[in-house]
Amino acid sequence: MTTAPGCLNSLRELRPQDRPQERLEKLGAAPLADRELLAMLIRSGTAQKDVLALADDLIRQAGSLAGLLRWDVSDFRRVRGIGKVKALQLCTFVEIAKRMMRGERTQSERFESPEVVWEYLYPEVRSDSVERVWVLCLDRKNKLIRAEAVTSGTATGSLVHPREVFRPAIRHGSSAVIMAHNHPSGDPSPSSADIRATKKIHHAAEHIGIDLLDHVILGEIENDPKQVGYYSFSDAGYLSHASLSLNSP
């Protein structure tokens with residue numbers, strides 16, 4: 001994190017040239033501290049607390065600037081000094097940041113590897129404290145039609161029914177889907193429940209006629225025993241016809 005001159009001072013104690021807006025205008029955004037950048041988004045404080053102190057409160061309660069990526073409107077509203085409009089604006093900036101991190105996929109790119117899935121969804125789930133299940137709806141050339149989060153679970157698990165996976169696929173006329181979900185622990189190793197759910201959804205896919213190309217568990221590279229950040233059921237051989245038995249381990 002970049003440290004600004006007098007970064008522990010209140011706004012009133014700073015010389016005019018050391019205030020966030022003046023520093024931004026003179027130096028650009030890169031040298032500004034996290035609290036200064038956030039203060040530029042908040043724009044104003046309250047009678048009791050200036051904008052820098054309010055930015056400090058947000059960062060402290062979120063644990064870090066990156067921690068704000070998991071916040072929604074209700075989280076922002078719980079911070080004294082953040083009203084409805086500011087909360088909505090901050091949520092908008094959070095969503096923009098997520099989309100920029102995820103990046104726009106070109107029309108020519110095909111979702112044919114778990115690495116592509118991880119790169120696409122990791123910015124969306126990296127700060128999640130609960131499991132979420134995503135469905136990537138693909139066309140005949142495995143190009144992305146739409147990505148949807150279909151369930152949100154608890155800190156220890158997220159259950160998904162085949163109809164929740166295939167409903168968006170049918171709605172968007174998909175030829176194939178890739179399912180993905182995150183492990184908040186950062187370790188993408190599959191649980192026995194993950195394996196059972198994958199086999200159940202694969203079995204349903206065989207009957208519906210929509211290909212389940214993969215189920216990718218999203219984690220953190222540093223917490224992955226294999227140091228790749230994800231687990232692919234396709235790479236592990238679970239999505240072959242021979243492995244379809246729902247009762248096999």
Using beta carbons and a limit of 7 Å, which pairs, at least six apart or on different chains, have the first residue in segment 134-146 and not assigned by TED's automatic domain parsing to the domain that holds Val160 and the second one in a strand (DSSP E or B)?
none
Strands (runs of 3 or more DSSP E) fully within segment 124-196 counting 2 or more residues that are surrounded by fewer than 15 Cβ atoms within 10 Å (Cβ to Cβ) and in contact with a Ser or Thr (Cβ under 9 Å, 6 or more places away or on another chain):
144-152
Kindly indicate whether His202 is without any contact (Cβ under 8 Å) to a residue 60 or more places away in the chain, assigned to a helix (DSSP H, G or I) and either more than 19 Å from the chain's Cα centre (by Cα) or surrounded by 19 or more Cβ atoms within 10 Å (Cβ to Cβ) (or both).
yes
Assess whether Leu90 counts as being touching a Phe, Trp or Tyr at 6+ places or on another chain (Cβ under 6 Å) and outside the structural domain of Ser127 (by TED's automatic domain parsing).
yes
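The values are calculated or read from the model by the stated rules, or taken from the named source; none is laboratory data. All values reported here derive from a predicted model rather than from experimental measurement. Heads up, the Cβs are rebuilt from the backbone with ideal geometry, glycines too, and the neighbour counts pull from every protein chain shown.
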